[in-house]
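Structure first, then comments.
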Amino acid sequence: MDLSWSEPEEAFRAEARGWLEANVPHGLPSGDTRAGFAAHLAWERALFAARWSAVSWPREYGGRAATLWEWLIFEEEYYRAGAPQRVTQNGIFLLAPALFEFGTPEQRDRYLFRMAAARDLWCQGWSEPGAGSDLAAIRSAAVRDEARGGWLLSGQKTWTTRAAFCTHLFGLFRTDPAAERHRGLTYFLVPLNAPGVTVRGFPRLDGDEGFADVFFDDVFVSDDDVLGAVNQGWQVAMATTGSERGLTLRSPGRFLASADRLLDLYRERPAPALLDRVVQSWIEAHAYQMFTLQQVTRIADGKPSGASAESSLNKLFWSELDVRLHETAMALLGPEGELDGPWARGFLFSLAGPIYAGTNEVQRNVVAERLLGLPRR
């Protein structure tokens, strides 16, 4: 593997670094509050105006047609600059790859530019009461409405991140109740202002209104808002979860920046008993970068990106790295770590990593069965 960067790539890095250093806002409130979300949207729209919001997308959708290598460079520079969390991430990093793969030209034209511009804001409708990690157990239903050429959605989605602030939801609904668990599901794109939709926000443990329940009471959705084929939604959903568990949502730049901050913290508060843990976190962050470069090399060479189960292995690594890294920071801070601050908030969020995008217990089963070939029982 060639670990050097070309002159055009170094020029891309310099341009990104210069723009970010000149424009990144600091001290924004949490994007999981109503006021904070509005402040983050102003930042998202500034990114879009400079064509940094979705750098690898085609220019007609607001991107720069950047390569995957340049996207990785931008992500490194983004986190190096301490830029805010991306409140548009569910659309740009999760739904968009599925739209590129399964969407019609009309759907891509209708949604992608507005997504990059932070005009349409997307949340993910996966979990339901009684169907958290077991996505195939969902009960929310879609019944055919032939007269209007569409579907009537009913049911409830829960733990829906930022749904209280978003304009649209993507998610799975059961269109064939007689089919087996992973079949008879269809992937819908739903405007949250549609008649019959009720969004009810509720606070997290840290007090932020980061979650919502979304209720559907015979909500009409046209055939134009089915992504992929009817009753083939599981395939589309697995592409989305592959993005969520893989490098699309959690690029190595995020962890490289955290590892560097951890080294800075150790220099401020040296604790020889914790040195090995600090160094191990730095090594693991760079190991994740090497793994990602290997993945991108394979894609750039025109080879298959690998089994979807590999994204489960990926998710196990970055989620547990994030927890260990933040635990080490909290140990360095001592009692002060319990005070509200960047490390404390990062630690609390890291604890969610082994849960969202499919619990790590489920991901271990996927790795065991599909990568290692172990029996189910």
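The values are calculated or read from the model by the stated rules, or taken from the named source; none is laboratory data. Only a predicted model underlies this, so the values are computations on that prediction, with no experimental measurement involved. Backbone-built Cβ (ideal geometry, glycine too); neighbour counts: all protein chains shown. Keep in mind that these areas ignore ligands, DNA and RNA; they rest on the heavy atoms of the full protein, side chains included. Shrake-Rupley method; radii C 1.70, N 1.55, O 1.52, S 1.80 Å.
Treating r as the C-beta distance of ARG45 and ILE299 and R0 as 22 Å, the FRET efficiency rounds to 0.15. The length gained by stretching the chain between HIS286 and GLN107 to full extension, at 0.36 nm per residue less their Cα-Cα distance, is 60.7 nm. Sequence-distant contacts, meaning Cα pairs under 8 Å at least 6 residues apart, place the relative contact order of the stretch 260-338 at 44 percent.
Surface listing: THR297, THR158 arranged by accessible area from highest to lowest gives THR297, THR158, probe 1.4 Å. Three principal axis extents of the stretch 1-119 based on alpha-carbon atoms, in descending order, are 39, 39, 23 Å. A straight chain from GLU320 to VAL24 at 0.36 nm per residue would run longer than the Cα-Cα distance by 103.7 nm. Using the Cβ-Cβ distance between ARG13 and LEU339 with R0 set to 30 Å, the FRET efficiency works out to roughly 0.25. Here r is the Cβ-Cβ distance between ALA137 and ALA179 and R0 is 22 Å; the resulting FRET efficiency, rounded to 0.05, is 0.95. The calculated 222 nm mean residue ellipticity attributable to helices in the chain amounts to -14000 deg cm²/dmol, summing -39500 (n - 2.57) over DSSP H runs of n ≥ 4 and dividing by all residues. Would you mind working out the magnitude of the charge dipole of the chain relative to its Cα centre, with +1 at each Lys and Arg C-beta and -1 at each Asp and Glu C-beta, to the nearest 20 Debye? Taking the Cα centre of the chain as origin, the dipole is about 380 debye. If you bin all the Cα-Cα distances of the chain at 10 Å, starting from zero, the percentages per bin are 5, 22, 33, 27, 11, 2, 0, 0.
The modelled label-to-label distance between GLU268 and ALA368, using points 7 Å beyond Cα along the C-beta direction, is 4.2 nm.
Counting only DSSP beta bridges whose two residues both lie in the stretch 122-206, roughly 70 percent are antiparallel. Axis of helix 7-23 versus longest Cα principal axis of the chain: the two differ by about 90°, to the nearest ten degrees. Nearest-5 percent of antiparallel DSSP beta bridges in the chain? Of those bridges, close to 85 percent are antiparallel.
Charge tally for ARG277 (other residues, Cβ to Cβ under 11 Å; Lys, Arg +1; Asp, Glu -1): -2. Computed with a 1.4 Å probe on the full set of protein chains, the accessible area for ASP301 sits at about 100 Å².
In this rough spin-label picture, where each label sits 7 Å from Cα along the Cβ direction, the PHE100-THR67 distance is 1.5 nm. Heavy-atom accessible area with a 1.4 Å probe sorts VAL366, VAL199, largest first, into VAL199, VAL366. With the simple model of a label 7 Å out from the Cα in the direction of the Cβ, ASP218 to ALA35 spans 4.2 nm. Extension gain, ARG144-GLN235: 0.36 nm per intervening residue step, less the Cα-Cα distance, totals 30.7 nm.
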